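Novice: Have a look at this one.
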Amino acid sequence: MRETWLRVNTRALALAMALPAALALVGLLALVTPWPDWVAAAATVVGWVLVGVAGVLVAILVWQMGQSRLAYDRGHLVLNLRAGGPIRVPIEVVEGFLLGQGPSYLPGKEAHKLETSTLVIRLAERATEWEQIAVKPALASWCHHYVTIRGTWCQPLSVALVNRLNARLAEVTRESRAAQVAR
């Protein structure tokens, strides 16, 4: 069973629901407004299309809220840092977590200069296949055995969170080693 270690930024996703809510409102208004006969059919179609699109967008955002940025699943650190499937890194390769700071990569001329907290994951240098993996730049960077997750798109980062992650990493690493010895 998957254990969430780092959640997505639910505040940003909740804020993103403002656009679908506005679309749904406009669609509902188009449906309930009394229109002249020559406009009524088109207004009904437009209204239902807007409500449908808003529903799909809300469903996608709610689904994303349920996703984790980092999780642990049966001996693997699961990273959701790109479109498509997650990246499953063997837990034996993960050496630790650090708190850092880096560019936010927010859109806009001024926002692009802002910095955010980052979570840095150190991977073992012996695991050459995990040296560099393509990820979505707005979410993270992955270079030379370091994965840097931008705090903009995950739950708030803190020293306490990083300490909990390192403690849990130590626990699952011990469990993984004990299971391998038992085989």
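The values are calculated or read from the model by the stated rules, or taken from the named source; none is laboratory data. Note that the coordinates shown come from a computational prediction; the quantities given were computed from them, not determined experimentally. As a convention, Cβ positions derive from the backbone with ideal geometry for all residues, glycine included, and neighbour counts pool all protein chains shown.
Novice: Do you know which residues across region 147-180 are over 22 Å from E131 (Cα atoms) and of a type in the set (D, E, K, R)?
Specialist: Residues satisfying the conditions are R164, R168, E171, R174, E175, R177.
Novice: Considering only residues of region 144-173 that are part of a helix (DSSP H, G or I) and either surrounded by fewer than 12 Cβ atoms within 10 Å (Cβ to Cβ) or of a type in the set (S, T, Y) (or both), which is nearest to the chain's Cα centre (by Cα)?
Specialist: Kept after step one, since they are part of a helix (DSSP H, G or I), are these residues of region 144-173: 151-153, 159-173.
From what's left, either surrounded by fewer than 12 Cβ atoms within 10 Å (Cβ to Cβ) or of a type in the set (S, T, Y) (or both): 152, 159-160, 167, 170-171, 173.
Numbers: T152: 10, V159: 20, A160: 20, A167: 22, A170: 24, E171: 24, T173: 24 Å.
For region 144-173, the residue satisfying everything is T152.
Novice: Just to be sure before I move on: is R177 assigned to a loop (DSSP other than H, G, I, E, B), more than 18 Å from R69 (Cα to Cα) and modelled with pLDDT under 95 in the structure I sent?
Specialist: On the way: assigned to a loop (DSSP other than H, G, I, E, B): no; more than 18 Å from R69 (Cα to Cα): yes; modelled with pLDDT under 95: yes.
Answer is no for this residue.
Novice: Which ones in region 1-37 are aromatic (F, W, Y) and either under 30 Å from A71 (Cβ atoms) or at pLDDT below 85 (or both)?
Specialist: From region 1-37, those aromatic (F, W, Y) are 5, 35; that's our starting set.
Within region 1-37, just W5 meets the criteria.
Novice: Something else about it: Tell me which residues, restricted to region 77-102, are under 13 Å from W142 (Cβ atoms) and among the charged types (D, E, K, R).
Specialist: Of everything in region 77-102, just one residue is under 13 Å from W142 (Cβ atoms) and among the charged types (D, E, K, R), namely R82.
Novice: For a quick check of your reading: which strands (runs of 3 or more DSSP E) sit entirely within region 1-120 and have at least 3 residues that are surrounded by 13 or more Cβ atoms within 10 Å (Cβ to Cβ) and touching a Ser or Thr at 6+ places or on another chain (Cβ under 7 Å)? Let's see the steps before the verdict.
Specialist: On the way: elements: 3-7, 68-73, 76-79, 87-90, 94-103.
Because the criterion is at least 3 residues that are surrounded by 13 or more Cβ atoms within 10 Å (Cβ to Cβ) and touching a Ser or Thr at 6+ places or on another chain (Cβ under 7 Å), the strands (runs of 3 or more DSSP E) in region 1-120 that meet it are 3-7, 94-103.
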